[in-house]
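This report concerns only the one structure given below.
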Amino acid sequence: AGIPHVEVPEFPRGTELTDAQKAELAAARENRAEIHRKWRLSASMKPFKKLRQMYNKAGVNIDITKLGSPGWSDEEIDYAFTVAKTMGARGFSTEISVESAKRLAPFAQKHNLFAIMHNHGQPGRPGFSFDEILDQGSHIMLNFDVGHYFGATGLHPNGIIEKYHN
């Protein structure tokens with residue numbers, strides 16, 4: 001069975017929410033997160049094994065999964081790395097930040113996989129440093145998005161590719 005669908009109240013974009021509506025929304029989101037956490041911790045790896053077999057049979061290897069979050073519990077992060085390993089991936093990709101790298105580095109090392117950091121506009125922010133992120137551990141890797149990099153910085157991506165190609 002797939003991840004359970006949990007209703008969360010929706011409000012029209014731009015609506016100024018009352019304190020009661022904010023509380024209702026926060027409670028619904030917390031409830032959804034807890035239901036999803038419980039589901040993840042009980043989910044079988046069997047569907048992931050079947051998915052890997054299907055892709056491998058078609059000649060496709062899965063190199064990176066996009067499942068997991070540094071905001072998840074320790075057990076859920078272990079789950080995300082287990083899914084990645086089951087799929088034959090080198091690790092899972094998440095949004096790049098120093099905080100994400102710090103949080104995920106010990107889990108990546110434990111599972112002997114990579115926490116793979118994907119950039120959007122972050123390289124355009126003052127003080128941003130790929131080095132600071134990669135220095136969080138040997139199991140941190142970049143999923144370098146050259147389009148986002150150029151869009152955020154206006155710089156040609158070759159310098160970053162040459163510097164971090166390993």
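Assorted remarks:
Each row is one residue, and each column tells you yes or no for (1) touching a helix residue (DSSP H, G or I) at 6+ places or on another chain (Cβ under 9 Å); (2) of a type in the set (Gly, Ala, Ser); (3) surrounded by 14 or more Cβ atoms within 10 Å (Cβ to Cβ).
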{"position": "14", "(1), (2), (3)": "no, yes, no"}
{"position": "17", "(1), (2), (3)": "yes, no, no"}
{"position": "35", "(1), (2), (3)": "no, no, yes"}
{"position": "42", "(1), (2), (3)": "no, yes, no"}
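- All positions within the stretch 103-123 that are within 22 Å of residue 152 (Cβ to Cβ) and either of a type in the set (Val, Ile, Thr) or not in a loop (DSSP other than H, G, I, E, B) (or both): 115, 116, 117, 118, 122, 123
- The stretch 124-150: number of residues that are open to solvent by 50 Å² or more (accessible area, probe 1.4 Å), in a loop (DSSP other than H, G, I, E, B) and either within 24 Å of residue 74 (Cβ to Cβ) or touching a residue at least 60 places away in the same chain (Cβ under 8 Å) (or both): 3
- Here residue 60 passes the criteria (1) touching a residue at least 12 places away in the same chain (Cβ under 8 Å); (2) over 17 Å from the mean Cα position of the chain (by Cα) except the one numbered (1).
- Any hit, the stretch 55-62, residues being in a helix (DSSP H, G or I), open to solvent by 40 Å² or more (accessible area, probe 1.4 Å) and of a type in the set (Phe, Trp, Tyr): yes
The values are calculated or read from the model by the stated rules, or taken from the named source; none is laboratory data. As the structure is a prediction and not an experimental result, all values here were calculated from the model. Methodologically, a virtual Cβ is constructed for each residue, glycine included, from the backbone with ideal geometry; neighbour enumeration extends over all protein chains shown. Please note that ligands, DNA and RNA were not included when accessible areas were found on the heavy atoms of the full protein model with its side chains. Shrake-Rupley method; radii C 1.70, N 1.55, O 1.52, S 1.80 Å.
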